[in-house]
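Here is the structure we will look at.
Any read-out appearing in this document is the output of simple, stated calculations on the displayed coordinates, not a laboratory observation. Quantities reported herein were computed from a predicted structural model and do not represent experimental measurements. A quick note on method: Cβ atoms are made from the backbone with ideal geometry, for glycine too, and the neighbour counts reach across all protein chains shown.
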There are 4 protein chains.
Amino acid sequence: MINEMNKGFASDNNSGVHPAIFKSMKNANNGHVVGYGDDPFTQKATEIFKNKFGDDTNVFFVFNGTGANVLGLSTVTQSFHSVICAETAHIQEDECGAPEKFTGCKLLPVEPVNGKITPKGIIPHLKGFDFEHHSQPRVISISQVTEMGTVYQPEEIRALANLAHENNMLLHMDGARIANAAVALDLDFKAFTKYCGVDILSFGGTKNGMMMGEAVLFFNPDLTHLTKYIRKQSMQLYSKMRFVSAQFLAYFENDLWKKTASHSNKMAQLLAEEVAKIPEVTLTEPVEANGVFAIVPQEVIKPLQEQFFFYIWNEKRSEVRWMTSWDTTEEEIFEFVELIKKLIEKKSSA
Amino acid sequence: MINEMNKGFASDNNSGVHPAIFKSMKNANNGHVVGYGDDPFTQKATEIFKNKFGDDTNVFFVFNGTGANVLGLSTVTQSFHSVICAETAHIQEDECGAPEKFTGCKLLPVEPVNGKITPKGIIPHLKGFDFEHHSQPRVISISQVTEMGTVYQPEEIRALANLAHENNMLLHMDGARIANAAVALDLDFKAFTKYCGVDILSFGGTKNGMMMGEAVLFFNPDLTHLTKYIRKQSMQLYSKMRFVSAQFLAYFENDLWKKTASHSNKMAQLLAEEVAKIPEVTLTEPVEANGVFAIVPQEVIKPLQEQFFFYIWNEKRSEVRWMTSWDTTEEEIFEFVELIKKLIEKKSSA
Amino acid sequence: MINEMNKGFASDNNSGVHPAIFKSMKNANNGHVVGYGDDPFTQKATEIFKNKFGDDTNVFFVFNGTGANVLGLSTVTQSFHSVICAETAHIQEDECGAPEKFTGCKLLPVEPVNGKITPKGIIPHLKGFDFEHHSQPRVISISQVTEMGTVYQPEEIRALANLAHENNMLLHMDGARIANAAVALDLDFKAFTKYCGVDILSFGGTKNGMMMGEAVLFFNPDLTHLTKYIRKQSMQLYSKMRFVSAQFLAYFENDLWKKTASHSNKMAQLLAEEVAKIPEVTLTEPVEANGVFAIVPQEVIKPLQEQFFFYIWNEKRSEVRWMTSWDTTEEEIFEFVELIKKLIEKKSSA
Amino acid sequence: MINEMNKGFASDNNSGVHPAIFKSMKNANNGHVVGYGDDPFTQKATEIFKNKFGDDTNVFFVFNGTGANVLGLSTVTQSFHSVICAETAHIQEDECGAPEKFTGCKLLPVEPVNGKITPKGIIPHLKGFDFEHHSQPRVISISQVTEMGTVYQPEEIRALANLAHENNMLLHMDGARIANAAVALDLDFKAFTKYCGVDILSFGGTKNGMMMGEAVLFFNPDLTHLTKYIRKQSMQLYSKMRFVSAQFLAYFENDLWKKTASHSNKMAQLLAEEVAKIPEVTLTEPVEANGVFAIVPQEVIKPLQEQFFFYIWNEKRSEVRWMTSWDTTEEEIFEFVELIKKLIEKKSSA
C-alpha cells in the first residue's frame, strides 16, 4: 500500500530535507572530487566534528542509522561479546537482527523505565566474566533520545558509563535523535556524550532535516585502527561521500540543527499540551523531545489515520505514537487535535 | 591526503550528479511521505523497472553497489554455497570481503580474459555437487561492463547463463556500469540481461550521473520472498527512499542514462584514439565502454597525476587506468593527451 | 586450577563412560569402515532412532550439545529470524553466543518459572510478523530437562508446539538430559517430543553415560535437505563417526539409557530428601530429574567444595546446584549429607 | 550407500583406533573429573605439548581437523582479512566453507606444484595493504603433509614464514598428517614447525590411530587471550575432554605416533614401488608420506573398488588416490597390486 498523504506524525524520517541542506549538497555538486571520503567536503565536516567533540575524536560517515550502530558496535566487539540495551532499543527491536548478524554478539535486553535503562536493570547481566561458556559483556548501548521520546540526563549517562568502565566495558549511544536531546537538555553535544563517558556515538541527522547519512564518532582513537575496513565490509562506505559531508556542513552552519530540533520538540510539546486537554486521551510517556505516546479511544484511531498517517504503538493498549519533525506546523497540530476531538465526540454521540 | 583537483580520470564515481537528477530529487522534496519505500516515487520507479524488464521483475533499492551485490547474492545463497567470478571482479577484489562476511559463501576466482570469464574457466569449479565436504557451486557472477572496461556480448552471457542453469545455478550480473554496456552494445537493458538468462542484476547509476542508490532486480519472483528482511538486516534499507527513487525517475526520463553513458563511452574512445597515436603508450585492453587501460612510461605517471588524478592499475607493468564519465569534456581529454606528450618529450630530451 | 577429586555433584558430564558403552565402542574398533557416517554402525544407530521416533525422522549425529542445538536451529532459520527461549536456557546462557554467531538470529529470552517458559511469557514476543524492521519469530526453544532440573509435562509441550505452529514457527527441544526427562515422566521418548509437536530435537547422551556425541532429530524430513552441508560447515561432521554411533547402539540396548537415567534421578531424589531434613538448607526448585538446587549457609559452601566438587548457582542467594549422575552412589550422598550437617553444626557451635 | 568392506585405501581416517590409545582412554574412564579441560589428563597432555614445542606454546584441544583449522584462523583474523592457501588445501576444498562462514575472511587459492605453494604463487596476492577496499592479507596456510601426499622441506616452510612475517602476516600449518611428515623428514615436530616460523599449528592424530581430537598450537601466546571464547563459540569445546587428552598421552608414549606413521609411510612406499612396476599405471605425485596418486586404466577402477574401497581423484584423467594407514598390511598391498594386475590383464585380453 502506498500512502499518498504528505502530512502526519508517522515518523520524523517521513519529512523531507531542509532547504539549506539541499542547497549545500547542490554547492558540493561541482566537478570531480576523489571518492570514498578523500575530498575537501568530508575533510571539513570531519573538522567540525573534531571541533565539537575534541581532536581525539575519530569520525566515520555512513549511510544510515542501522549502519552507524552496527559499525560502532562491530569496531569494539568480538563475536563472543554481549551488548546490553533496552528492550525497546532500535538495535533490539527495529534493525531486523543486523547487530547479531554482523557482529555475532548476543544482545541482552533490559526492561526499560520510560525507555531508559539503569544500572539496576543492567547489573544482573554483568556476570560470567572470564567464563568461556558465557557471552562476555562488552557494551552498554543506550538511545538518546530514547525510543519512548524520553531523554537521559547527564548524570544518568555518567552512571551508565561508570558502570561500563568499571567492568571493562564501553558505552555506546544511538544518537539518531541526538539533536532533539541536545535541545531538550539545553546542552552542547559534548556535554552529555563524551563528557559523560560515552565511548561510541552514532550521530544522526536524517530525522532532523538531512537526506541521509550518519557519523559514527569514537572518542578513543585507539579503538578505530580497523574501523575503515569494517565500514567497507559492512557496505557503508559511500563513493560520493561529499554528498553526506556537505549536508553536515549545512547542518552545523549557524546551528541549523538546533533550530530544526527546537521546532520539532516544541511541536511535540504543543501536541502533548493540546491532547492532554482531551479527557479521553492519556499520555503514557513524559514528552521530553519530539515524540508523543498516548492512549486514545480505539475507535478513533482508524478514521484519524485516514487523514494523518501515524503508527499504533501497542494495539492491545490502544496506544499510539506521534512524532513531530522539523517541518511540522502549528496548523497541522491544531487541525489534528480538532479532528481527534471531533472523532471522539462523534463516537460518544453514536 | 585530500585531493583538491576537480578534474581527472580516476573514476566515474568521482564525478558529480547530473543536474536533471538533482532537479528530480528537489521535486521529490515536498512534504511528508511514508519511509522505507512505501512512497509514490518508489512506486513509480519500480513501475519503470517493471516496464523495462517485465512485470515479473522484483525491484529492491539499496544504497550502493557493494550493498546491491551482497543483497543479490544473499537472497539466492546459503552459507555453504560458492560463487564463481573473475579474479578481477569487484566482489572479489574491491569489496573488502563483504560477500564472504555477509553470505558466508566461498568465492571462487577464475582467471579472466580481458576481464571476462568463460565456461572454460568455470567448468573446473563445477564439481563436488551433493558432496557435503565441498562448498556447493550456486552462482556465476559477472560484471557488465567488466572491471577491465570490456563488454560481454549477448551470446557470451547466454552461454554463461546456460552453463549456470544446467547446473542448477544462477547467473548474477554486477551492473555498476550497465548503462555504458547498453550503449556499447546498442541494446536495451533487457536484451542482454533477462533475455540472456541473467537471474539477478545489480543495476547501478551512481557511476553514470546519479548521487547514490542502486536497484537489485530479480527476474524470478520466487527467489525474493525473503529479500526484504535481508535488505533491512544488511543495513541497506533507506528511510527516505524517495530520494533514490526520484533519481531513477530522472535517469530514465527521455533516456537520460543513454545520453550520459554515450558521452562517457565516446570520451573513452577519443582518449584511446588519441593516446594510441603516442608511440610510447600502449593500450592493454580493448576500449569498449568508458575505461582505458594503458602502459605509459613510468616517469610520466607522477607528474601526470599532479594535474589529472587517476590510479595506477599495475605498478610493475607501469599500467594505468583512465575512466571517463558523463561530465568528461573533449577539452580535458586533449589537454590530458597534450600533457602526456609533453611529459614524454621532456623525458626523452632529459 | 586442576581439580583432582573424582567425586562430586558438579555436573553429570563430569562422570565417565558407562562400561557397556565403552565395550560397544571397542567392538566397533575393527578394521576399516567408510568415514563420515556411511558405515554400518551409523546405519544401525539411525535405524534405532527411526524405530523409536518414526520412519520420517531424519537423524544427524554431531559431537556435542552446543553443536546439536546450533545445527538444529541453523537448519530451520534464516539470519533475520528470532529464537525464543528461557533466560536460563543453555543456548542463551552457556554457549558463548554460538547460536547468534552461527545462525545470525536474535535470541529472545523469556523469564522462566521453575526453568520453564509458557505461552504467557512468549506471546508478547510474537509480533512484527511480515514487518521487515523486526527479527521474524521462527523458533521456540525449550530444554527438557530444564536447566533448573524441572521437567515439562506433555501438555505443556503441546501448548508450546501449538503456539509455535499457529504462528508458522517451530518447536525445538534441547534434550541434553532427555533420558532423565523420559524417566521422570515415565514415557517413551516419542510421547513427549514428536507426539507433542516438537519439530527438532537435540538428543543427548553424554550427560547420561556416553563419551561424546549427540543426535539431532528432525521430525519433518522436508526441513533437512540442506542439513548435511550445515553440519559439515559447522565443524560437526565426525570422520570416525562409528565411534559415536556405536555408543548409541549400546545406549539403547536393553534400555541402558533408562537404567542410568533412573539411577541418576533416584540419587537426586535421595539427596533432596536427605537435605530437606536439614533445617538450614532450603530447596529452591522442584526436584524432578537429576538436579538439586538449594540455598545453604554460605559458610559451609567452601569447606564442602573442598571434599565434593559442585558449582555455586547464585552467589548472592547462597544457592548451589548439585547434579547427580549415572554413577553417583548412595554412599556418596549419605557421606555428602553428613558432611553438610557436620559443617553446619561446626559453624553454629563456632 | 553403506560400504561394508573393512579394508581399502580410501582414507587414513577409515582406520580404527590403535589399541594402546584405546587402552589409555579406558584408563581415563575412572570416576569423575571436572569437565571442559580442567582435568589431570588434559593438564598432562598440555605439558607434553609444551615439552615438545616450548613452554610458550598455548594448546587448545578440539574435536576435529576442520574445527582445529577454523579455531586457529579465527584466533588471528578479523573478518576483513584474507587467507592464502593452495587450491587443493583442505580449508579450500574440503571444509564446505567453514573458514569463510566462521571467520568471514576471503580465501585466496594459489595453484600448487605437487600440492605445495611457494612465494612465487603467493606474492601476487600480497597487495592492497592498508587499502580499505581490499581484503587484507593476514595468513598463509599450508598443509603438512599436503593433500597431494607431498612434504614441505624445512627451508620451504621457512621461506613461507619469512614472506608472511615480512608482510605482517602469520603462517598457519594444517597438520592433519603431521606425524607422517615428521617421519618423512626424520625430524622432530618442532624442527619443521615452530623452528621454521610456523605461528599456528593444527596438530592432528585422528588419521594416525586416534579416535578423535586435534590440538591447536599457538607459538606466540600473545595471540591467544581470546581463543578460549572462540573455541566455545565455535562448538569445539568438549565436555569430557579427558577422552581426547588421554589419547594424546598414549600417542606420545614411547613415540607411538612415530611407529604408526612410519608404518603408514612405508606401506605407501611399498604400494608405490609395486604399482610402478605395472606399465599401465603412472604415479602422478612424488610419494613422500602415506598417499599414492596414480593414473590407472579407467576400466579397472570400478572392479577394483568393489574389493578395495578408495576414491577417484580426477575422473577425467582417470587418477585415483590411495591412502595407507597405521593398520595397512603388506598382505593387503600385495593382494591389491595383484588384483590391479589381474584386472589389467583381463581388460587387455578382452
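Considering every alpha-carbon pair of the protein assembly as shown, the percent of pairs per 10 Å bin, from zero through the bin containing the longest distance, is 2, 8, 15, 20, 20, 16, 11, 6, 2, 0, 0.
Here each label is just a point 7 Å from Cα along the line to Cβ, and for B:Phe334 and A:Lys266 those points are 5.8 nm apart. Relative to the Cα centre, the charge distribution of chain C, modelled as +1 at Lys and Arg Cβ and -1 at Asp and Glu Cβ, gives a dipole magnitude of about 580 debye.
For the peptide C:16-23, the mean number of other protein chain Cβ atoms found within 10 angstrom of a residue's Cβ is 3. When both segment A:226-244 and segment C:236-275 are represented by their alpha-carbon centers, they are found 54 Å apart.
Once backbone amide H atoms are built at 1.01 Å from N, C:Ser143 has C:Asp174 as its partners under 5 Å, excluding neighbours fewer than 5 places away on the same chain. The modelled label-to-label distance for the pair C:Asn30/C:Ile123, using points 7 Å beyond Cα in the direction of Cβ, is 5.8 nm. Think of the axis that spins chain C onto D; the C residue whose C-beta lies nearest it, and the distance in whole Å, is C:Phe63, 2.
When only alpha carbons are used to place a centre, segment B:187-209 and segment B:107-135 end up 23 Å from one another.
For B:Ile123, inter-copy separations between label points set 7 Å beyond Cα along the Cβ vector come to 3.4, 6.3, 7.1 nm, shortest first. Label sites at B:Asn51 and B:His165, each approximated as a point 7 angstrom past Cα along Cα to Cβ, lie 2.7 nm apart. Over segment B:109-196, the fraction of Cα-Cα pairs per 5 Å bin, rounded to whole percents and listed from the shortest bin up, is 3, 15, 25, 24, 16, 10, 5, 2, 1. What the Cα convex hull of segment B:31-185 gives, in volume per residue, is 137 Å³. Each peptide in C:54-63, C:286-295, C:235-244, D:115-124 receives the mean, over its residues, of other Cβ atoms within 10 Å, and ordering these scores from highest gives C:235-244, C:286-295, C:54-63, D:115-124. Each copy carries D:Asn167; placing its label point 7 Å along the C-beta direction from Cα gives inter-copy distances of 2.7, 4.2, 5.0 nm, listed from smallest up.
Scaled against the 2.2 N^0.38 Å expected of a compact globular protein of N residues, the Cα radius of gyration of segment C:244-350 reads 1.21. For chain D, averaging the sequence separation of C-alpha pairs within contact (under 8 Å, six or more residues apart) and dividing by the residue count gives a relative contact order of 24 percent.
Here the protein assembly as shown carries DSSP beta bridges of which approximately 50% are antiparallel, counting only pairs with both residues inside. Estimated from the Cβ-Cβ distance and a Förster radius of 41 angstrom, the FRET efficiency linking C:Asn254 and C:Phe131 is about 0.20. Pairs of alpha-carbon atoms within less than 8 angstrom and 6+ residues apart define the contacts here; what relative contact order does segment B:262-337 have, in percent? After rounding, I find 36 percent. Students often forget the sequence filter, so: which lysines lie under 28 Å Cα-Cα from A:Lys341 once same-chain residues fewer than 8 apart are removed? Within reach: A:Lys7, A:Lys266, A:Lys277, A:Lys302, A:Lys316.
Ordering B:177-186, A:12-21 by mean Cβ neighbour count within 10 Å, with the highest value first, yields B:177-186, A:12-21. With its label point put 7 Å out from Cα toward Cβ, D:Ile312 sits 5.0, 6.3, 6.4 nm from the same residue's point in the other copies, in order from shortest.
Counting Cβ atoms of other protein chains within 10 Å of each Cβ in D:120-130 and taking the mean gives 1. Each Lys and Arg adds +1 at its Cβ and each Asp and Glu adds -1 at its Cβ; summed about the Cα centre, segment A:140-281 shows a dipole of about 680 debye.
Restricting the calculation to Cα atoms, every distinct pair contributes to the Kirkwood radius of chain B, found to be 21.0 Å.
Projecting the Cα atoms of D:Asn14, D:Leu108, D:Gln78 onto the charge dipole of segment D:1-114, computed from C-beta unit charges around the Cα centre, puts D:Asn14 farthest toward the positive end. Less than 5 angstrom separates the built amide H of B:Leu107 from those of B:Val83, D:Leu107, all sequence-distant by 5 or more or on a different chain.
Convert 37 °C to kelvin, take the viscosity as 0.692 mPa s, use the Kirkwood radius over C-alpha pairs of segment C:72-122 as Rh, and evaluate the Stokes-Einstein diffusion coefficient in µm²/s, rounded to a whole number. Taking Rh from Cα pairs, D becomes 292 µm²/s. The 3J(HN,Hα) values that the Karplus relation (6.51, -1.76, 1.60; θ = phi - 60°) gives for segment C:114-130 are, in residue order, 6, x, 9, 9, 10, x, 4, x, 7, 3, x, 8, 8, 8, x, 4, 6 Hz. Gly and Pro appear as x.
Ordered from longest to shortest, the equivalent ellipsoid semi-axes for segment D:175-322 are 35, 18, 16 Å, each the square root of 5 times a Cα gyration tensor eigenvalue. Computed from the alpha carbon positions, the gyration tensor of segment D:30-115 leads to an equivalent ellipsoid with semi-axes of 31, 15, 13 Å, biggest first. Rounded to the nearest 20, the Cβ-based charge dipole of the protein assembly as shown about its Cα centre (Lys and Arg +1, Asp and Glu -1) stands at 0 debye.
Looking at chain D alone, DSSP beta bridges between its own residues are antiparallel in about 50 percent of cases. For C:Trp313, the residues whose modelled amide H falls within less than 5 Å of its own, excluding neighbours fewer than 5 places apart on the same chain, are C:Glu319, C:Val320, C:Arg321.
Selection among C:Val198, C:Ser239, C:Asn168 by position relative to the dipole of segment C:152-256 gives C:Ser239 as farthest towards the positive end (Cβ unit charges, Cα centre).
How much mean residue ellipticity at 222 nm does the protein assembly as shown get from its helices, if each DSSP H run of length 4 or more adds -39500 (n - 2.57) and you divide by all residues, to the nearest 500 deg cm²/dmol? Mean residue ellipticity, 222 nm, calculated: -12000 deg cm²/dmol.
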